[in-house]
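Novice: If you scroll down you'll find the structure; I have some questions about it.
The values are calculated or read from the model by the stated rules, or taken from the named source; none is laboratory data. Bear in mind that the values here come from a model prediction, so they are computed numbers and not experimental data. Quick reminder, even Gly has a Cβ in these numbers, built from the backbone with ideal geometry, and neighbours come from all protein chains shown. These area figures cover heavy atoms from the full protein model, side chains too; ligands, DNA and RNA do not enter into them. Shrake-Rupley method; radii C 1.70, N 1.55, O 1.52, S 1.80 Å.
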Amino acid sequence: MGTTRTTDTTDTTATAEKRIDDETVPAQAVATEGGTDAEAAPEDAGAAREAEDTEPADEDDDAAAPPTTGIAAGAGAVVAAGLGLASVTGTWLGTLMAERQTLMGQINLQAGKATDQISAMYGTPWHTTALVNGVFAVLAALVAAVVLTRPRAATWVRAVAWGGVALGVLGLLISAGMYLDLFGSMPTIPKGTRPGA
């Protein structure tokens, strides 16, 4: 009888240990696998947080830097476009300088210092207007070029600056044509005809 009980007790103990081992091993395996996933997840989360922390910082830097630069670039682009338009259509300064040259031509004719009336009254003021418009065209192109070299300029700023470049180049071509009399030759007095006759 005693032997039977001992055997039963031993079998029961072995069965209990086996159950414990069976339950313990999967639990440990699950814990180990879960631990690996748990460790990998925080690393991924940490990397994602670092990326998020880095991106807003760059955005903040971009948002903090452009206000003054963006305003200056925008103003420069508008100024370049205005100068380019003025070089094409003409300016008050060009008109004033042309009138001054006309007056000086009249004075020189009356004083006998000028013999060519057409050049004094027409040619010189015409060329003066061309020179003034050419100066405005060069300024437009230079200001636009400076704006285009600015990093991170807004799209509309670059578009307006390119418009200033185009108008400046067009104004420069028109001014060169005016100065070189490409659009029309200088008027001449027919031979045998006296001025004022």
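Novice: Within the range 145-197, track down each residue that is surrounded by 15 or more Cβ atoms within 10 Å (Cβ to Cβ) and at pLDDT below 85.
Specialist: Scanning the range 145-197 gives a single hit, Ala153.
Novice: Hey, another quick one. Return yes when Leu142 is at pLDDT 95 or above and surrounded by fewer than 19 Cβ atoms within 10 Å (Cβ to Cβ) and no when it is not.
Specialist: The answer is yes for Leu142.
Novice: Can you tell me how many residues within the range 100-118 are small (Gly, Ala, Ser), surrounded by fewer than 17 Cβ atoms within 10 Å (Cβ to Cβ) and not in a helix (DSSP H, G or I)?
Specialist: Counting residues in the range 100-118 that are small (Gly, Ala, Ser), surrounded by fewer than 17 Cβ atoms within 10 Å (Cβ to Cβ) and not in a helix (DSSP H, G or I) gives 1.
Novice: For the condition in a helix (DSSP H, G or I), at pLDDT 90 or above and not charged (D, E, K, R), what is the one hit in Met121, Met97? Break it down stepwise before answering.
Specialist: Values: Met121 fails: at pLDDT 90 or above.
After ruling out the rest, the residue left standing is Met97.
Novice: Next question, about the same structure. Cβ-Cβ under 6 Å, sequence separation 6+ or interchain: first residue in the range 150-177 and under 29 Å from Ala130 (Cβ atoms), partner open to solvent by 90 Å² or more (accessible area, probe 1.4 Å). Which pairs?
Specialist: Leu167/Leu85; Gly177/Phe183
Novice: Which numbered condition in (1) open to solvent by less than 90 Å² (accessible area, probe 1.4 Å); (2) of a type in the set (Ser, Thr, Tyr); (3) over 23 Å from Gly84 (Cα atoms) is the only one that Thr128 fails?
Specialist: Just one mismatch for Thr128, condition (3).
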